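Engineer: Structure provided below as structure tokens; questions to follow.
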Amino acid sequence: MKDNTKLIAAGRPHARYAHPVNPPVERASTILFPTYDDFLEGSRTINYGRLGTSTHRALEDVVTVLEGGFETRLAPSGLAACNASILAFVGAGDHVLMTDAAYDPTRKFCEKFLKRFGVETTFYDPMIDRDGLATLMRPETKVVFAESPGSLTFEVQDIPAMADTAHAGGAVLIADNTWAAGYFAKPIALGADVSIQAATKYLGGHADCLVGTITSADEATAKKIYMALLQLGSNVSADDAYLILRGARTLSTRLERHQENALALAKWLSKRSEVERVIHPAIKGCPGYAIWKRDFTGASGLFSAVLKPVPLPTLKAFFNALKLVGIGFSWGGYESLAVHVRPERYRTASAWADEGPVIRFHAGLEDIDDIKADIDNGFAAMAQT
Ligand SMILES: Cc1ncc(COP(=O)(O)O)c(C=O)c1O
């Protein structure tokens, strides 16, 4: 061989020896097949990098067993997972029922993008009952989309009743299960056809990459999801799949601590004079609390507090005084966060009655006393305005 050929042919993967604990990052576009028969093998095999390598398959397998589904596929972000899942089931003339408490970009995808392609969306009150949902179903309804609890306002939804209603009308129920991280709730066992996670949040757990997971309940559903991702040209980097898989190994330990800190913080906030009410699925008074008790085995670190009405400069003083708790979007990483959310701005099916600002907190893994002290400083700064 000449040098220019040697540079190509040498240094290829070694025959497997004793294997490492973690599946390594396997980056690839082209996959080489040992024989023509291998080349002809079916779609689940690893045959082209865009469809994933052994790194992606390892993560998918973990999420499949966690969610209790038939198969999991990855998407480039949580939002891409939501959107691809809806696209897998709808076409021009179809209708989607979307929770009014949905993550705002999921909502915008329906309002703007799907509309351009002739798919109509009706937003429904997240606390709608079985009969109410049934009256919104149309012959052309193909997807009922749940986000339980809503990731800004935390209404817990009745997934079994919603699944019955969707199925009776010939639609699928897709559930965004990001808050429970596949650990504290199993929507597929409750009747959902598809369970989605923004693995960006708890599965990854370190606020450093974006991935979505789509778990299907059965083979026919999985095939539709796979075809949608394939036709959209969806791809996840092997490095990101590796990071999420690494995070997943410590999910349960981290979630227990997020749960403990969030409950302690929510209870402390509920006693503060600055706070009108807290909205935490595991605390009585949260819409759907009884459903949470029935269907969930725990609570993660994200919840909201409604403050008593204050002028904007006072609210700014609160945020600007925070040193430990970050001001930022997203959640599910190891750090505490606070963000001002405005449900009154986007809800259309269920008016938002509170007048005071809503602050969404993510309780991180820090010591709870330090988190409380930082928020206490924020309240002190408010008092000085
Ligand atoms: C409930 C929920 N679903 C989906 C997403 C989208 O995830 P990503 O940021 O990975 O696109 C988010 C992001 O905040 C979310 O909160």
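Engineer: So if the hydrodynamic radius of region 36-248 is defined as the Kirkwood radius over C-alpha pairs, what does Stokes-Einstein give as its diffusion coefficient at 37 °C and 0.692 mPa s, in µm² per second?
Structural biologist: Numbers: Rh = 17.1 Å.
Taking Rh from Cα pairs, D becomes 192 µm²/s.
Engineer: A further question on this structure: Using Cα atoms only, what is the angle between the long axis of helix 54-67 and the major principal axis of the chain, expressed in degrees (0 to 90) to the nearest 10?
Structural biologist: 40
Engineer: Taking the Cα centre of region 44-174 as origin and charging only Cβ (+1 Lys, Arg; -1 Asp, Glu), how large is the dipole, in debye to the nearest 20?
Structural biologist: Working: 12 positive and 17 negative charges, 147 e Å.
That gives a dipole near 700 debye.
Engineer: So how many Å³ per residue does the convex hull of the Cα atoms of region 149-248 work out to? It would help to have the intermediate numbers written out before the result.
Structural biologist: Working: hull volume 11.6 nm³, N = 100.
Each residue corresponds to 116 Å³ of Cα convex hull volume.
Engineer: Also: What's the ranking of 54-62, 223-231, 146-154 by average number of surrounding C-beta atoms within 10 Å, highest first?
Structural biologist: Numbers: 54-62: 20.4, 223-231: 17.6, 146-154: 26.4.
Listed from highest to lowest mean packing, they are 146-154, 54-62, 223-231.
Engineer: Over 34 Å apart: what share of the alpha carbon pairs of the chain falls there, rounded to a whole percent?
Structural biologist: Numbers: 23958 of 73920 pairs.
That fraction is 32 percent.
Engineer: Over all distinct Cα pairs, what is the inverse of the mean 1/r for region 9-137, reported as the Kirkwood hydrodynamic radius in Å? Before the final figure, lay out each step's value.
Structural biologist: Values: mean 1/r = 0.0541 Å⁻¹.
Hydrodynamic radius (Kirkwood, Cα only) of region 9-137 equals 18.5 Å.
Engineer: Something else now. May I ask for the percentage of alpha-carbon pairs in region 240-335 that lie more than 23 Å from each other?
Structural biologist: 37
Engineer: ³J(HN,Hα) across region 164-175 via Karplus (A = 6.51, B = -1.76, C = 1.60, θ = phi - 60°), whole Hz, x for Gly/Pro?
Structural biologist: 4, 5, 4, 5, 4, x, x, 10, 9, 9, 10, 10
Engineer: Using the Karplus curve 6.51 cos²θ - 1.76 cosθ + 1.60 with θ = phi - 60°, what ³J(HN,Hα) values do you get for each residue of region 278-295, in whole Hz, with x for Gly and Pro?
Structural biologist: Residue by residue, region 278-295 yields 9, 10, 9, x, 9, 10, 3, x, 6, x, x, 3, 5, 6, 4, 4, 6, 9 Hz.
Engineer: So what is the relative contact order for region 251-383, in percent, with contacts set as C-alpha pairs under 8 Å and at least six apart?
Structural biologist: Values: 217 pairs, mean separation 39.4, N = 133.
Answer for region 251-383 is 30 percent.
Taken together, the values in this text are just the output of simple stated rules run on the coordinates, not laboratory data. Here the structure is a predicted model, which is why all the values come from computation and not from measurement. All Cβ positions, even for glycine, are placed from backbone atoms using ideal geometry, and neighbour counts span all protein chains on display.
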